Every structure is written in C-alpha cells, then in structure tokens.
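Enquirer: I have a structure here, written as structure tokens, and I will follow up with some questions on it.
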Amino acid sequence: MAYDRKNLPEDFETRFGPSNLPAEFSVLARRIGTWDTQTTIKPGVRITDGLKSTGVETVEWVLGKKLIQSKHKQQLGNVEALSLLAYDTQFDVFRSWYFDSAGNLPRGELTGQWDEEAKTLTFKGSEPEDVTVTTVLRFVSPDRTELQGVWHEKSGRILMEMEQTATRHK
C-alpha cells in the first residue's frame, strides 16, 4: 500500500512502522525543494580567471521516487544544469550524473558514500586522462548545504576547485 507522505500525520511511523525503503533514501529526501545557490570556482587550470555565480536550483523526486533530479539555473553565463542522484541498493553506493548547457556531461563513474555522523555525502570518480574527482556535500542544517569539489591530474596538480552553498527557499 502506498501513501502520500506529505499528508500523513506526524506520528505515522510511530503508529504504523518505518518506511520499507533503505535509510539512504532519506538522504536523497533532504535535497528536495528549491534552493538559492552561490558558486565559486577558484582561478586555475580549467577556468583561469575563476568565477562566481548565483543561481536557483529545484530538486524533485522522479521515476517513482527512485532518484532525484536537480535543475539549476546560474546567473553568470545563463548556464542551465541538470543533475541526477540515486541510491544503488544493489551495490550500496550513491550515483551521480551532471549535465549543463556549457557542454559538461558525465565522462566517468561518480559514486558516493554517506557518513551519518559527519552528515556528508562524499563522491569519488574519475574522468579520461587520469583525472580524479572528489566532491563532498555537507548538510549543515535542514535548510543549508555546502559542496566542495576538486579535480586532480594523476601528478597531483589541481585542475579545478569549486565551492557552492545552497540555502532552501522558505
């Protein structure tokens, strides 16, 4: 039996039991909503002058609440982005894909692990030409997240560093 969770009484799980979804789906649920973002990319190899941009991101469940979809529009350059985030129950990892109107798209696998104590979702992956990617999404509060990402060459040289804060619309 399925229920519309938005219309359930607060004591529903106490009275009828918890959801039968893995706990990791509650991590995805934390992202649902509309967020104001501030993004900074430090000057570096990929973006020599760096950049700062503000934007609005809308995150919603899709495909029967099996994954979340984020649509993000940034002011600088009028860039639109689409990202997908899912929990892979078979392999016990989160998976992420990012596309944008500047031509960026997934070029390798990006998988993540949740750390409940630190309230962080850490993704690691690789791109062609021995580039590694690490991003850490930290849930500062129910209404604020902080994202840090670093792209390294095999030699250790940093190609790009980015930071983003997101604040939920009330």
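The values are calculated or read from the model by the stated rules, or taken from the named source; none is laboratory data. Just so it is clear, the model here is predicted, and its values are computed rather than measured. These area figures cover heavy atoms from the full protein model, side chains too; ligands, DNA and RNA do not enter into them. Shrake-Rupley method; radii C 1.70, N 1.55, O 1.52, S 1.80 Å.
Enquirer: Could you run the Karplus curve 6.51 cos²θ - 1.76 cosθ + 1.60 with θ = phi - 60° over the range 24-32 and give me ³J(HN,Hα) per residue in whole Hz, x for Gly and Pro?
Expert: 4, 5, 5, 5, 4, 4, 4, 8, 5
Enquirer: A follow-up question, please. Taking 1 over the mean of 1/r across every pair of different Cα atoms in the range 23-103, what Kirkwood radius in Å do you get?
Expert: 14.0
Enquirer: Hey, got the Cα dimensions of the range 75-115 along the principal axes, in Å, largest first?
Expert: Over the range 75-115, Cα extents along the principal axes are 38, 20, 13 Å.
Enquirer: Would you work out what percent of the accessible area of the chain, with all protein chains in place, is carbon or sulfur (probe 1.4 Å)?
Expert: 52
Enquirer: So what is the diffusion coefficient of the range 70-144 in µm² per second by Stokes-Einstein at 25 °C and 0.890 mPa s, using a Kirkwood Rh over Cα pairs?
Expert: 178
Enquirer: How large is the direction-averaged shadow of the alpha-carbon convex hull of the chain, in nm²?
Expert: For the chain, averaging the hull's shadow over all directions gives 11.4 nm².
Enquirer: Where Rh is the Kirkwood radius over the Cα pairs of the range 122-170, the temperature 20 °C and the viscosity 1.002 mPa s, what D in µm²/s does Stokes-Einstein return?
Expert: Diffusion coefficient, whole number: 181 µm²/s.
Enquirer: Also, quick follow-up: Grab the Cα-Cα distance for Ile32 and Ala102, subtract it from 0.36 nm times how many residues apart they are, and report the gain in nm with one decimal.
Expert: 22.7 nm
Enquirer: Kindly report the accessible area of the range 79-149 per residue (heavy atoms of protein chains, probe 1.4 Å, no ligands, DNA or RNA), in Å².
Expert: That works out to 58 Å² for each residue.
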